[in-house]
Structure formats: structure tokens, C-alpha cells
Amino acid sequence: SPKRFYQPHAAGDIFKNRFGDCKDKATLLRTMLKEVGIDARYVLVHATRGATDPAFPSMDAFNHVIVAIPVTAAQAKTLQAVIDHPRLGKLLLFDPTSTLTPFGQLPDALQASRGLLVTADGGELIDLPAHPAEVNQLHRVARLQLDGNGTLSGTVEEVRSGTMAVEMRARLQSLNAAERVRSIESGIASHLVSTADNVSIEYLDEPESDLVIRYNITAPHYAKRVADMLLVRPRVLGQKAENPVDAKRTYAYVTDGPSLHTDEVDIRMPATAKLDELPAKLDIKTPVIQYDSNSTFTDGTLHYRRRYALHALTIPLESLPE
């Protein structure tokens, strides 16, 4: 019934029954913190970014509850989800319902949104922070070799942090071991016709650690022969692209959120291979997006480096052409 859905519960009942929704988990956490002398506060939020608008009163302005925990200046240095309140000092915004979000960070949907900080004398709307791109990283390192028949093989390591790790954990945790391997193989197949083996996943159930995925690849006929030329694509895995943007759109463009992607690919070439031409170096810088890629060839090895940084959750209409 609606009453049961909205009914909060006492901390003792929540602890005894080992059951509760977001507001119950927030209540239990506040009670536990109070036992050790920390006065945490409720923060009412909406799980959809932008739904809470002070210019538009609504009964549906909030549908989720998190907590604001007082922290010291020293503690705040290592935490991303901290705000400076003029009266209450530094507050860590923490979602006790999100089991995949590392401590000190906010779930992606709550970043750059608004919340109602509940105090003894009322409440006030606060702005929730957005985390910088460096917090949400995908760092891929590939050490590969190309044989005389054009087959590419070697090892790949992918390290994810922040929301990049949260998204991958959410995808993999619901699967069994065989399904996880198939999911990773499917991701590889979208960029490369190859087989993958020795797939390993580390720290899948440890959100405080980076998520590490390692695998071996073998891609027959990766290099293409045209006359006496051997054509090799340095960018082996991954594609960095947002959706096509209609210049006539009415609203700002919503991105996947701040993130930093880096790739380091080394391909050991056949001994007989000699360099004829490399892809042009690319370097694009705007206030919102930076992208650069560069290929070099030294001592028989093709080196490819790529960096893609996105710094905004939304891009205003006036900035879209850039």
C-alpha cells in the first residue's frame, strides 16, 4: 500500500529485520554515527539529475535519501563528494544504498544535481558536486606482436576507476563466470575480429579498489596486404565517439559524464617491416573535450598513444558548434 511504501522505520527495527529502503538505510547510518559522536543529516534528492528545480514546485521533487556527514579538512582532501557549508563546515555526501560507488564519491545520477539538506530548524537546497574526469578513468595497456602472416596477438590490461568501474561492475556482477567472459569477449568483438582467452577479473566485489580486467587476444589477418604494402591500424581496441549531435536541437547536450580514457598500445612488427607512413598526429582542445592521439615507430615497434578527456555533464547549446 502507499502507506507502507512511504512509511519510515525506527533504527532498531531496521537493524533487527535487516531490511529497509533508502530512507531506512540513511536512518540506520545516522543512528550508528550518532553513537560515536557524529551528527549526520538527511539529504533528500531525486535519482534523476535535474528533476529538483526550485522554480517548479512539485510533490515529486525528491524520491531518494542520502546523508551528509561532517568531516575534517584533512579527511576532505581524499574525498570527492564534499561540500563547504557556510554554517556546518565540510560535509561528505554519502549514499548508503549504492553498494557499487566507492566511499567518498557520489553515484553518477546524483552528481551536479540538487538536494534538500535537512536541519533541526528546517531545510535548504544545496548543490551536489560533480567529480572531475580524473576520478573516472579507463586505462588500457596492450602489449602485442604481429607475425609475418598478419596475425596480431598479445596481452591487454584494462583498469577502471570511479563511474567507469561502477558501470562495468553493474554489468558483470549479475552474471555467472561464463557469462562474464562472454560479455568481455563481446566487447572485444565490437572492435576486433579475434579470439580472447585467459580472461581474468580482479576486485569485482571490492568497490574501494580499481576494477582490473586482463585477457589475451589473437586476431588473424589483422594486417592487410595491398601490393607490397602492409596496412596496420594502430588503434586496436576501443572507439571514442559521442552520438551525432543535431545542430538544430532545442536543449543542451547531455554527455555520459566526466571521464578520462587513455590507451597505450605497442605492436612489435615483423623483422622485415619498414616504416612508410604513420597516421597524422591529432590534438583537439576545447573547454569541454580534449582528444589527442599519436603514433611512432622505434626499434621495430609501433607505439600508439591516445587520450580522451570529457569534463562536463552537459554542453550548452551555444557551445555545441565548438
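Per-structure values
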{"read-out": "Output for region 264-300, where each listed residue is part of a strand (DSSP E or B), over 22 Å from P321 (Cα atoms) and touching a Ser or Thr at 6+ places or on another chain (Cβ under 6 Å)", "value": "D266, R268"}
{"read-out": "Region 142-198: number of residues that are outside any helix (DSSP H, G or I) and acidic (D, E)", "value": "4"}
{"read-out": "Selected residue [more than 30 Å from T97 (Cβ to Cβ) and in contact with a strand residue (DSSP E or B) (Cβ under 8 Å, 6 or more places away or on another chain)] from V254, V226, V212, V236", "value": "V236"}
{"read-out": "Test: residue in region 215-226 that is in a helix (DSSP H, G or I) and not small (G, A, S)", "value": "no"}
{"read-out": "Within region 121-141, tally of residues that are assigned to a loop (DSSP other than H, G, I, E, B), acidic (D, E) and under 14 Å from G257 (Cα atoms)", "value": "0"}
{"read-out": "Strands (runs of 3 or more DSSP E) completely within region 68-120 that count 3 or more residues being hydroxyl-bearing (S, T, Y) and surrounded by fewer than 19 Cβ atoms within 10 Å (Cβ to Cβ)", "value": "none"}
{"read-out": "Yes/no for T155 being open to solvent by 30 Å² or more (accessible area, probe 1.4 Å), out of contact with any Lys or Arg (no Cβ under 7 Å at 6 or more places or on another chain), touching a residue at least 60 places away in the same chain (Cβ under 8 Å) and of a type outside the set (D, E, K, R)", "value": "no"}
{"read-out": "Unique match (being modelled with pLDDT under 95 and either more than 18 Å from R30 (Cβ to Cβ) or not small (G, A, S) (or both)) among E157, E124, E134", "value": "E124"}
{"read-out": "Tally, over region 47-87, of residues that are in contact with a strand residue (DSSP E or B) (Cβ under 7 Å, 6 or more places away or on another chain) and touching a residue at least 40 places away in the same chain (Cβ under 8 Å)", "value": "13"}
{"read-out": "Single match in E208, E202 (criterion: under 22 Å from the mean Cα position of the chain (by Cα), more than 30 Å from E318 (Cα to Cα) and surrounded by fewer than 11 Cβ atoms within 10 Å (Cβ to Cβ))", "value": "E208"}
{"read-out": "Residue that is nearest to the chain's Cα centre (by Cα) [pool: residues in region 3-46 that are within 25 Å of V71 (Cα to Cα) and of a type in the set (S, T, N, Q)]", "value": "T27"}
{"read-out": "All positions within region 269-300 that are touching a residue at least 40 places away in the same chain (Cβ under 8 Å) and among the aromatic types (F, W, Y)", "value": "Y291"}
{"read-out": "Residue pairs meeting the criteria (Cβ under 7 Å; at least 6 apart or on separate chains; first over 11 Å from L320 (Cα atoms), in region 233-251; second aliphatic (A, V, I, L, M) and part of a loop (DSSP other than H, G, I, E, B))", "value": "V236/L192; L237/L192"}
{"read-out": "Tally of residues being exposed (fewer than 12 other Cβ atoms within 10 Å of the Cβ) and within 30 Å of S319 (Cβ to Cβ) across region 247-285", "value": "11"}
{"read-out": "Among the candidates R18, R49, residue that is within 16 Å of P129 (Cβ to Cβ), of a type in the set (K, R) and open to solvent by 60 Å² or more (accessible area, probe 1.4 Å)", "value": "R49"}
{"read-out": "Leading residue by the ranking (nearest to the chain's Cα centre (by Cα)) among those in region 158-199 that are open to solvent by 30 Å² or more (accessible area, probe 1.4 Å) and β-branched (V, I, T)", "value": "V166"}
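The values are calculated or read from the model by the stated rules, or taken from the named source; none is laboratory data. Source: prediction; values computed, not measured. A quick note on method: Cβ atoms are made from the backbone with ideal geometry, for glycine too, and the neighbour counts reach across all protein chains shown. To get the accessible areas, we keep the full protein, side chains included, count just its heavy atoms, and leave off ligands, DNA and RNA. Shrake-Rupley method; radii C 1.70, N 1.55, O 1.52, S 1.80 Å.
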